[in-house]
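Enquirer: One structure, pasted below without further comment.
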Amino acid sequence: MGEQDVVVDLPRRVNLKVARRFQSHPVFAKMIDSPDALRTVSSGVEQVYRAGPAEFPQGMNDHNTTSGEPPPTRDRRYEYWRWRIFSVTWLAYAGFYLTRKAFSVAKNELKKPEVMGMTKADMSWIDGANSVAYAVGQFFWGPLGDKFGPRVIVLVGMLASVTTALAMGSSSTVLWMGVLFAIQGLCQSSGWAPLTKNMGEFFSRRERGSVMGFWCTNYALGGFVATTLAAWAAQKFGWRYAFFVPAGGLFGIWILFLLFQRNRPEDVGLPPIEQYHGEAAEVLDPNALPALESEGSWQIVVEVMRNKMVWLLAGVYFLIKPTRYLMLFWSPVYINELLGTGTATSGFLGSLFDLAGPIGSLTGGLISDRLFRSKRMPVCVVALFALAVLMVTFRFLPPTRVAVGAGMFAIGFLIFMPDTLISGVAALDFGTKKGASTASGIINGFGSVGQIIGVTLPGWANKLVGPGHDIWNPIFLWLGVALALGGLLLAPQWNRLPPTAPVKS
């Protein structure tokens, strides 16, 4: 098949996109008037796609369409939009925590007989319902984020979260509170996958590790602010305001997102990020043209679901998440039993795990970009094996505050490296910016199942080993084995990079 045959076989929608692309250019405006000219232009663009975006001739780049001079390395308008999107998406995901954390803060009031008389068993099944709904929602919202774009999905999910939080604050029964918190789990799951896709549209592969390392600080800082705000509101105005005040805050963020967010550079008259950075376009199929993997199609969703690397990452993330959430929810209990410390000291030592998280995210992202040239797997493999050793030996650290605190910090530092690289950066890399929401939804959906295992693991361990026996030795051993297995699964992918558009021979 010759090049002319390839052009003839191109779908009509590709020709139409080509026509619109060139009609705005003063040199090519008149060329699009005839079908023969359209065929010629389409053929040229098809060759450019095969060669990669670095082959665009001078003067055709959207940065400068009239002077004929090479485009500048940094375009002020493009950079403005990149960091505008970074800021508004960072704020959006941090904002989701405002309504996510409200129930946890209100628990101490809800258990009082004069309020709702909620038992620990009630709280447990309500938390479980929320976690299950959150996991299911990841698989649901991820593909929709690719089909309809981040803007629609996030605005719908965020507004639904605000409404649900207001209803929870107005609730007076345990059953209704549980139903609403499950709905809140579905609303919350609309945030991560579409927002990571939004970031992928404005930041290219060579910088994603570093940028996403900074971006992923949103859930650490978001959780801190959310807990503080809800606690203040509950103490100042009563428990219902632990829901009302954060809902008001999230609604304010919803307005900002509506005003300042856009899905793609092309939506504001800018070229794709690969063209801006002179990088080859990433594709799901190594033999496909970027133009044929159309944005917002179910075809992209199906191709991501067939991607073996996405499923491998999902399986590994399932093995990572139990450790993160066990330490997040149970570390104060473990420290109290080991050292006999009070609530405040146990909480402080446990919080060193959270403090180390953003530092690990930033470090892992920078190393993957600068040392390993945007390869994510080496950092993940090394961190997982080191963490596996630490988890197995953690129980044998000296029973002192310094040793345990240092151990908590080291666990947080190491686990957040593969956590953010797999759930955020690698999902963008291997799902590509066109299928990133689906990839992120699959990966984080499996991770959310692992999260449920992590928070319930002590209960299951207690039943298995029997009352009165130490549960922590087997727990840390199980977690260490799971982490080592994750490292072994990723090790053969050490040099793996996502495929790019085929280069013209």
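Enquirer: Show the residue pairs that are 6+ apart or on different chains and have beta-carbon atoms under 6 Å apart, the first residue being within the stretch 204-228 and surrounded by fewer than 24 Cβ atoms within 10 Å (Cβ to Cβ), the second being basic (Lys, Arg).
Expert: Close Cβ pairs satisfying both conditions: THR227/LYS101.
Enquirer: Return the residues of the stretch 157-194 that are farther than 14 Å from TYR97 by Cα and of a type in the set (S, T, N, Q); say none if nothing qualifies.
Expert: THR163, SER170, SER171, SER172, THR173
Enquirer: Looking only at the stretch 352-378, which residues are of a type in the set (A, V, I, L, M) and touching a residue at least 60 places away in the same chain (Cβ under 8 Å)?
Expert: Correct list: LEU352, ALA356, LEU362, LEU366, ILE367, MET377.
Enquirer: Related question: So SER171 ticks every box in (1) surrounded by fewer than 23 Cβ atoms within 10 Å (Cβ to Cβ); (2) under 23 Å from GLY222 (Cα atoms); (3) not aliphatic (A, V, I, L, M) but one. Which box is left unticked?
Expert: Status for SER171: all satisfied but (2).
Enquirer: Taking the criterion of being modelled with pLDDT under 85, among the polar types (S, T, N, Q) and over 18 Å from LEU483 (Cα atoms), would at least one residue in the stretch 276-295 satisfy it?
Expert: Within the stretch 276-295 (the criterion being modelled with pLDDT under 85, among the polar types (S, T, N, Q) and over 18 Å from LEU483 (Cα atoms)), the answer is yes, since at least one residue qualifies.
Enquirer: Condition test on LYS308, is it of a type in the set (D, E, K, R) and farther than 17 Å from LEU497 by Cα?
Expert: no
Listed here are the residues, each with its yes/no results for (1) more than 20 Å from GLY223 (Cα to Cα); (2) in a helix (DSSP H, G or I); (3) in contact with a helix residue (DSSP H, G or I) (Cβ under 8 Å, 6 or more places away or on another chain).
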site: VAL88; (1), (2), (3): no, yes, yes
site: PHE96; (1), (2), (3): no, yes, yes
site: LYS112; (1), (2), (3): yes, no, no
site: MET116; (1), (2), (3): yes, no, yes
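Enquirer: Now a separate question. Does ALA135 fit the bill of being of a type in the set (Gly, Ala, Ser), in contact with a helix residue (DSSP H, G or I) (Cβ under 9 Å, 6 or more places away or on another chain) and part of a helix (DSSP H, G or I)?
Expert: Considered against the rule, which asks whether it is of a type in the set (Gly, Ala, Ser), in contact with a helix residue (DSSP H, G or I) (Cβ under 9 Å, 6 or more places away or on another chain) and part of a helix (DSSP H, G or I), ALA135 comes out as yes.
Enquirer: Still on this model: Give the stretch 359-395 a look and list any residue that's in a loop (DSSP other than H, G, I, E, B), farther than 17 Å from SER331 by Cβ and out of contact with any Ser or Thr (no Cβ under 7 Å at 6 or more places or on another chain), or say none.
Expert: Listed by number, the residues that qualify are LEU371, PHE372, ARG373.
Enquirer: Determine whether SER368 is more than 29 Å from ARG206 (Cα to Cα) and crowded, with 17+ Cβ neighbours inside 10 Å.
Expert: no
Enquirer: Starting from residues that are part of a helix (DSSP H, G or I) and in contact (Cβ under 8 Å) with a residue 40 or more places away in the chain, keep the ones in the stretch 396-405 and report whichever is nearest to TRP472 (Cα to Cα).
Expert: Only one residue tops the list, namely VAL404.
Enquirer: Related question: May I ask you to list pairs of residues, at least six apart or on different chains, whose Cβ atoms are under 7 Å apart, with the first in the stretch 144-159 being not assigned by TED's automatic domain parsing to the domain that holds PRO265 and the second being part of a helix (DSSP H, G or I) and surrounded by fewer than 21 Cβ atoms within 10 Å (Cβ to Cβ)?
Expert: Final answer for the pair search is none.
Enquirer: Could you list, in sequence order, the residues of the stretch 405-421 that are more than 17 Å from GLY480 (Cα to Cα) and surrounded by fewer than 24 Cβ atoms within 10 Å (Cβ to Cβ)?
Expert: Answer for the stretch 405-421, where residues must be more than 17 Å from GLY480 (Cα to Cα) and surrounded by fewer than 24 Cβ atoms within 10 Å (Cβ to Cβ): GLY405, ALA406.
Enquirer: Let me ask something else about it. Of the conditions (1) free of Cβ contacts under 8 Å to residues at least 24 places away in the same chain; (2) touching a Lys or Arg at 6+ places or on another chain (Cβ under 9 Å), VAL465 clears all except one; give me its number.
Expert: For VAL465, the exception is condition (2).
The values are calculated or read from the model by the stated rules, or taken from the named source; none is laboratory data. Given the structure is predicted, the values throughout are model-derived calculations rather than measurements. Here Cβ is always computed from backbone atoms with ideal geometry, including for glycine, and neighbour counts include all displayed protein chains.
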